[in-house]
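A.B. asks: The structure follows.
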Amino acid sequence: MSFQKTKIDSKLGEEVHAHLLGLGLETPTTELLFVDNKEKIEKSEHHMTEILKTVGLDLTNDSLAETAKRISKMMVLEQSWGLLPENFPKCTTVKKEIDYDEMVKCDAIQVMSICEHHWVTIDGYATVAYIPTNEVIGLSKLNRIVEYYSRRPQIQERLNCQIFEALRYILKTDNIAVAINAKHYCVASRGVGDANSRTTTSKLGGVFKSDPATRAEFYSLHQSQSK
């Protein structure tokens, strides 16, 4: 998936942003978030240049000459665009017109994010499900909501809750379930150096939480993706 400027809903993004702020679940940011991207890249490149020099790299070398600029553009344009409410994906919903009261599930949704503690990759998949009450949502919108909240520095627990609450707000139902299974390269490539471990988080609401059979069905579907 990739960011598509033509498929955004800034108004909805502001509404969901306010919803998450009220719950204490929004990613911590400052007013600098709303600085123009060009200025962000220029400032980041300046500081990144000093960091690379400080660790001893020769930035006059052809291979390294553009590294600070590349890193800065990547951080602003690719890894952090999901911080801006104006980039929230357009999420078309329609009234439920048929008598359907079973689970709607999308699994194996790619999660590609950045650990906010060490700025290294979080790589995995999400399973998202809901039971329609009055509204249904276009299936690709589930993927795009996951992508939006992934494209920012994250901790997995918050990412899980943000996806859940965004869907709860949009679909106006508590019958939502979100689970994420991911590999954290801050664990795999540094620190303890465990390249095999993965982290699973989940957030359940409505019947997914209250009904054992529905909960078991969802977890069974999610767990099957890790095999």
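A.B. asks: State which residue pairs qualify: first residue within 13 Å of R70 (Cα to Cα) and inside the stretch 31-51, second residue surrounded by 13 or more Cβ atoms within 10 Å (Cβ to Cβ) and of a type in the set (K, R) in any location, beta carbons under 7 Å apart, and separation of 6 or more residues or different chains.
C.D. replies: So the pair list comes out as I41/K73; E45/K69.
Residues are listed down the side, and each one gets a yes or a no for (1) under 12 Å from the mean Cα position of the chain (by Cα); (2) within 23 Å of I137 (Cα to Cα):
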| position | (1), (2) |
| --- | --- |
| N160 | yes, yes |
| I163 | yes, yes |
| Y169 | no, yes |
| N175 | no, yes |
| V192 | no, no |
| A195 | no, no |
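A.B. asks: Still on this structure, I have one more. Mind listing whichever residues of the stretch 32-65 are over 21 Å from E78 (Cβ atoms) and part of a helix (DSSP H, G or I)?
C.D. replies: Correct list: E50, K53, T54.
A.B. asks: From P28, P89, which residue is without any contact (Cβ under 8 Å) to a residue 24 or more places away in the chain and within 16 Å of the chain's Cα centre (by Cα)?
C.D. replies: Being without any contact (Cβ under 8 Å) to a residue 24 or more places away in the chain and within 16 Å of the chain's Cα centre (by Cα) holds for just one of P28, P89, which is P28.
A.B. asks: Which residue out of R168, R215 is of a type in the set (K, R) and either modelled with pLDDT under 90 or touching a helix residue (DSSP H, G or I) at 6+ places or on another chain (Cβ under 8 Å) (or both)?
C.D. replies: Result: R215 is the single residue among R168, R215 that is of a type in the set (K, R) and either modelled with pLDDT under 90 or touching a helix residue (DSSP H, G or I) at 6+ places or on another chain (Cβ under 8 Å) (or both).
A.B. asks: Go through the stretch 36-62 residue by residue and tally those that are within 22 Å of S113 (Cα to Cα) and among the hydrophobic types (A, V, I, L, M, F, W, C).
C.D. replies: The total comes to 2.
A.B. asks: Could you please give the count of residues in the stretch 115-160 that are among the small types (G, A, S) and either at pLDDT below 95 or within 22 Å of Y100 (Cα to Cα) (or both)? First the steps, then the outcome.
C.D. replies: Residues of the stretch 115-160 that are among the small types (G, A, S), as a first pass: 124, 126, 129, 138, 140, 150.
Then drop every residue that is not either at pLDDT below 95 or within 22 Å of Y100 (Cα to Cα) (or both), which leaves 129, 138, 140.
Looking only at that region, the number is 3.
A.B. asks: Kindly indicate the residue of the stretch 7-31 that is assigned to a loop (DSSP other than H, G, I, E, B) and in contact with a Pro (Cβ under 8 Å, 6 or more places away or on another chain) and also surrounded by the fewest Cβ atoms within 10 Å (Cβ to Cβ) among those meeting that condition.
C.D. replies: Checked the stretch 7-31; the qualifying residue surrounded by the fewest Cβ atoms within 10 Å (Cβ to Cβ) is K7.
A.B. asks: For the stretch 116-126, which residues satisfy the criterion of being crowded, with 18+ Cβ neighbours inside 10 Å and of a type in the set (A, V, I, L, M, F, W, C)?
C.D. replies: Those that are crowded, with 18+ Cβ neighbours inside 10 Å and of a type in the set (A, V, I, L, M, F, W, C): I122, A126.
The values are calculated or read from the model by the stated rules, or taken from the named source; none is laboratory data. Nothing here was measured: the structure is a model prediction, and the numbers come from that model. So basically every Cβ, Gly included, is an ideal-geometry build from the backbone, and we count neighbours across all protein chains shown.
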